[in-house]
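What follows draws every value from the coordinates through simple rules; no lab data is involved. None of the values given here were measured: they were computed from a predicted structure. Heads up, the Cβs are rebuilt from the backbone with ideal geometry, glycines too, and the neighbour counts pull from every protein chain shown.
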Amino acid sequence: MRKLLPGAFALLTATCIQAQTPHLPRGTATDVTNDDIQATLKKTPNAAVSDQAIRVVSIADEYNVGIGVVHRSKTVGKQAANGIEHSQITEIYHVIEGNATLVTGGTIENPRESPPESQVVKVLNGPSTGGGAIQGGVSRRVGPGDVVIIPPNTPHWFSEISSDQIVYLVVRVDPHRILPAGYGAK
């Protein structure tokens, strides 16, 4: 009997865990190749700042995920500061090339809402607030291979770009389905 109890307990536990785990629908994976990223970067090679959505995918009709690529040249650091925060989108930066100082948190000077018809709101980030420099934020050096997760309502900007440019892949998690699913689909 004592040998049966541990086996019965294990079976009961496994059955309970399985019953509590929702069965998610199966889907199709979406590929974003390095060729896709490089082709997107080549569209605006001379721009001081380029933030381009590559693809926005609907995940099981529950949320959207956007993939984009951004490059910022060193000349951006010589221009006026441009802190920004997004009210509903989490951004995940994966640095591909270059080095910079990224500031997050704190308060944006002279905040102003992004126009609802702008590409920033309609395609890239949903409702956003931009402005000047960030006061009281946390600075960190970032470079190739680094990943930074920026939750909604978190001011952020690059206060310094120390190489010619910084290039990063950006994953935008959109639980409110603001971004246009199917954007950039092949």
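Among the residues making up region 82-133, those that are of a type in the set (Gly, Ala, Ser) and out of contact with any Ser or Thr (no Cβ under 8 Å at 6 or more places or on another chain) are Gly83, Gly106, Ser118, Gly131, Gly132.
Looking only at region 144-175, residues that are surrounded by fewer than 17 Cβ atoms within 10 Å (Cβ to Cβ) and under 25 Å from Ala60 (Cα atoms) come to 4 in all. Against the condition within 16 Å of Asn153 (Cβ to Cβ) and buried (at least 17 other Cβ atoms within 10 Å of the Cβ), how does Ile67 come out, does it pass? Judged against the criteria, Ile67 is not a match. Applying the condition of being part of a strand (DSSP E or B) and either under 14 Å from the mean Cα position of the chain (by Cα) or of a type in the set (Gly, Ala, Ser) (or both) to region 105-137 and asking which residue is farthest from Val171 (Cα to Cα) yields Gly130.
When region 138-158 is filtered for residues that are assigned to a loop (DSSP other than H, G, I, E, B) and closer than 9 Å to Val103 by Cα, only Pro155 remains.
Given the criteria of a type outside the set (Ser, Thr, Tyr), part of a loop (DSSP other than H, G, I, E, B) and crowded, with 18+ Cβ neighbours inside 10 Å, does Ile178 qualify? Yes, satisfied.
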